[in-house]
Amino acid sequence: FSFLSLQLFGTIVWILVASTQIPLPLLQGWVMFVAVTAWFLSIVFLSVFLFGYANRIAVNWNQADFIFHGATFVFYFGAFLLQAATTSLHHFPRKFNSTTQERILSGREYNISIAASV
């Protein structure tokens, strides 16, 4: 069940971050990397169990599961902090030397970034 929920929520984060204009590529690139990597590795983990390879590979699967979810938590928490930091900058202008007041995130992108952070 945990792998399916990880795939579901990872896909949602992936879609939400990809649907914005990504004003800070370095920060949100890491968020995308974490979401896509965790999504892909959870599919690999799930496939190992579904196709019966877990019985053929001599690994302590409880420990592997614990390490995988622990590392995923650490990386997702870091991604959350970066996405939240990007979202908090929405009031700043996109170009500081410009006379236009274009914001880093529009109202719609701000809402999407909040959802991706959560």
- Note on the structure: So, with points 7 Å from each Cα along the Cβ direction, the residue 115-residue 40 label distance in nm works out to 2.6
- In the neighbourhood of residue 19 defined by beta carbon distances under 13 Å, the net charge of the other residues (Lys, Arg +1; Asp, Glu -1) is 0
- Sorted peptide list for 46-55, 109-118, criterion being average Cβ within 10 angstrom, highest first: 109-118, 46-55
- Query: Packing-wise, with mean Cβ within 10 Å as the measure, how do 7-15, 65-73 rank, highest first?
  - Reply: 7-15, 65-73
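Each value in this text was obtained by applying a stated rule to the coordinates, not by laboratory testing. Here the structure is a predicted model, which means the values were calculated and not measured. Every residue, glycine as well, gets a Cβ built from its backbone with ideal geometry; the counts of neighbours run over all protein chains shown.
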